[in-house]
Amino acid sequence: MKFIADFHIHSKYSRATSPQMDLINLDKWAKIKGIKVLGTGDFTHPEWLKSLENQLEPAEPGLFKLKASESPTRFILTAEISCIYSKNNQVRKIHIIVFAPSFDVVKKINTQLGWIGNLKSDGRPILGLDAKELAKIVFNTSSDCLIIPAHAWTPWFSIFGSKSGFDSIEECFEDYSKYIYAIETGLSSDPAMNWRLSALDKITLISNSDAHSPHKIGREANVFETEISYKGIADAIKSKDNKKFLYTIEFFPEEGKYHYDGHRSCEIRLSPQESKKYNNICPRCLKPLTIGVLNRVEQLADRPEGFKPENYIPFRSLIPLGEIIAEAKGMLPGAKEVAREYDNLIEKIGNEFKVLLEVSKEDLDKITFPRISEGIIKTREGKVCVEPGYDGVYGKIKIFSKEEQKKTSKQKTLF
């Protein structure tokens, strides 16, 4: 069966997260987006785990659904853990996603992690624990678990991050590297960037939203055609079989907030080539730049841009539907008219991913404004312009040219 999955999200118990990140809202938005399998996130947090146990019941093996509900949404037990520790005379800050096949396994993992740090303090706990030692705890609990480095390239908290990461999976996980089957590319990188590293040829590249509010789920996701079960998903990830793991859904990586180098406080944004001219020093404040994902990929890459390895899993880059509608109408994404048109499309087509990926322009034109359908098709074809993000500032993405935007503005004024 073909389905879409988003494994990395957070609950309302994580910092800087919407209070609406509860199971009822997650289920609601999974249906709106077209997501079949959604990570629970935060299974290490005692209160969230209690909610999961009270409100979920077993569905297919290793998956769960809302109790007494006919909802098609399935939940898979996941959590993100922040490991901050010193290794080889350098402070390391690595975020890791853990997948677990059952509540029994989760409780055993939590018991051991609770001896190391305070699991109540945050939905994403911060532990003074070597990533290798976390892997040891998790895999000794159950060999069916998965450990996947989160947003692998972001500067501050990732396995390859320029500020606190490593140059290889082996350097980070040592003997446990053979059990690391996948990495999460993150919003600021896409598979094509990762294909430039031959060291990642055996690694599956997954993409997730890392959502902190319900409407953000699915901004990146994974498309499978396999058995809907924990084992079916895990086997598709481990095997890197592109007949079972069909493709990933991506941000345009330039839109991610760490794509280019720069300094937010100085409003300096630089490409890797420009940073090199300044020896990675900010030309305004003369302090070291925050080196972004593209530059870090350049540092580790051993292949040219555009290289495609054998048996790669393809990807499709999209823009969230609300943003497309907003730009087509010349409005802010939060405008009421944007919300009305979004609801209209979801009601008539079924879910957001069907709108973005499947429906023809002719059919779109029948139910929405021609400019919105044009924006959807242009996005599918990658015909967008982006100002890259840097040092925590999201990039700005535009579908329509300045001339087209002026035309929209004049039409609004006349109307």
Practice prompt. Can you list which of the GluC sites (Glu not before Pro) found in segment 270-324 are DSSP loop residues with at most 14 other C-beta atoms within 10 Å?
Written response: Glu305, Glu310
Fill in: Proximal aspartates and glutamates to Lys378, defined as alpha-carbon separation beneath 15 angstrom and excluding residues fewer than eight positions away on the same chain
Glu323, Glu327, Glu358, Glu362, Asp365, Glu404
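Filter the GluC sites (Glu not before Pro) in segment 199-246 down to the DSSP loop ones having no more than 16 other Cβ atoms within 10 Å, then list what survives. Present the calculation step by step, with values, prior to reporting the outcome.
Numbers: sites: Glu220, Glu225, Glu227; in loops: Glu220, Glu227.
For GluC sites (Glu not before Pro) across segment 199-246 that sit outside H, G, I, E and B with at most 16 neighbouring Cβ atoms in 10 Å, the list reads Glu227.
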Practice prompt. Only loop residues by DSSP count here, and only those with at most 12 other Cβ atoms within 10 Å; note down the trypsin sites (Lys or Arg not before Pro) in segment 245-332 that meet that.
Written response: Arg284
Worksheet item: What is the diffusion coefficient of segment 21-127 in µm²/s, taking the Kirkwood radius over Cα pairs and the Stokes-Einstein relation at 37 °C with a viscosity of 0.692 mPa s?
Response: 223
Practice prompt. Apply the Karplus parameterisation 6.51 cos²θ - 1.76 cosθ + 1.60, with θ equal to phi minus 60°, to every residue of segment 59-72 and state each ³J(HN,Hα) to the nearest whole Hz, in sequence, with x for glycine and proline.
Written response: 10, 5, x, x, 10, 9, 9, 4, 4, 6, 9, 9, 4, x
Discussion item. Under 10 Å, Cα contacts only: if you run a Gaussian network model on the chain, which one of Phe43, Phe157, Phe369 comes out with the highest mean-square fluctuation?
Written reply: Phe369
Fill in: ³J(HN,Hα), Karplus 6.51/-1.76/1.60, whole Hz, each residue of segment 4-15, x for Gly, Pro
10, 10, 10, 9, 10, 9, 10, 8, 5, 8, 8, 5
Worksheet item: Once a ≥ b ≥ c are taken as the square roots of the eigenvalues of the Cα gyration tensor of segment 50-199, is the result rounded (a/c under 1.5), prolate (a/b larger than b/c) or oblate (a/b not larger than b/c)?
Response: prolate
Item to complete: Please pull out the direction-averaged projected area of the chain, using the convex hull of its alpha-carbon atoms, in nm² to one decimal place.
Response: 21.0
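Report, to one decimal in Å, the Kirkwood hydrodynamic radius for segment 18-83 based on all distinct Cα pairs.
On the way: mean 1/r = 0.0822 Å⁻¹.
It is 12.2 Å.
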Worksheet item: For segment 319-414, what size does the Cα cloud have along each of its three principal axes, sorted from largest down, in whole Å?
Response: 38, 33, 25
Item to complete: Hey, can you grab everything whose amide H is under 5 Å from the amide H of Gly186? Only 5+ residues off in sequence or another chain; H modelled, so Pro and N-termini drop out.
Response: His151, Ala152, Asn208
Practice prompt. Identify which of Ala192, Ala221, Ala135 has the largest mean-square fluctuation in a Gaussian network model of the chain, with springs joining Cα atoms closer than 10 Å.
Written response: Ala192
Worksheet item: What are the residues whose amide H is under 5 Å from the amide H of Arg124, where those residues sit 5 or more places off or on another chain and H is modelled from the backbone?
Response: Arg15
Item to complete: Would you pull out the residues with amide H under 5 Å of Lys65's amide H, same chain only if 5 or more places away, H placed 1.01 Å from N?
Response: Glu57, Ala59, Phe75
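Only the coordinates and a few stated rules stand behind these numbers; no lab work does. Predicted model, so just to flag it, every value in this text is computed and none were measured. Don't worry about glycine lacking a Cβ; one is built from the backbone with ideal geometry, like all the others, and counts go over all protein chains shown.
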